[in-house]
1. Among the residues of segment 71-96, how many are over 19 Å from the mean Cα position of the chain (by Cα) and in contact (Cβ under 8 Å) with a residue 24 or more places away in the chain?
2. Going residue by residue through segment 62-79, is there one that turns out to be over 25 Å from residue 95 (Cβ atoms), in contact with a helix residue (DSSP H, G or I) (Cβ under 6 Å, 6 or more places away or on another chain), in a loop (DSSP other than H, G, I, E, B) and modelled with pLDDT under 90?
3. I'd like the full set of residues that are surrounded by fewer than 18 Cβ atoms within 10 Å (Cβ to Cβ), within 13 Å of the chain's Cα centre (by Cα) and farther than 24 Å from residue 100 by Cβ, limited to segment 27-57.
């Protein structure tokens, strides 16, 4: 019974996407994560840094969904929902923090904020 369900699930892949394999999705995910990591480490603007963090979250989500589809279960999609929820909360807190920091010093350069007085 399970073999029949797996065979049906695997046979119903869309025509144009039939050539896209797990490898392709993982390459896209790795490239997105790399771009986000490089952007986070090289940029000094706080908004760009938060956008690069979101790009890394999305790359991890693509990898989770690709592995989930490859193994024909829904665990990856479940984890992606949690990742998106955390990313939305992080974006809301980051926006509030950026607005507060901009009102204090009128700059969003992370170098200015790296030396906090104690």
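The values are calculated or read from the model by the stated rules, or taken from the named source; none is laboratory data. Worth saying up front: this structure is predicted, and the values here are computed from it rather than measured. Every residue, glycine as well, gets a Cβ built from its backbone with ideal geometry; the counts of neighbours run over all protein chains shown.
1. Looking only at that region, the number is 1.
2. Looking through segment 62-79, at least one residue is over 25 Å from residue 95 (Cβ atoms), in contact with a helix residue (DSSP H, G or I) (Cβ under 6 Å, 6 or more places away or on another chain), in a loop (DSSP other than H, G, I, E, B) and modelled with pLDDT under 90.
3. 28, 30, 31, 34, 35, 37
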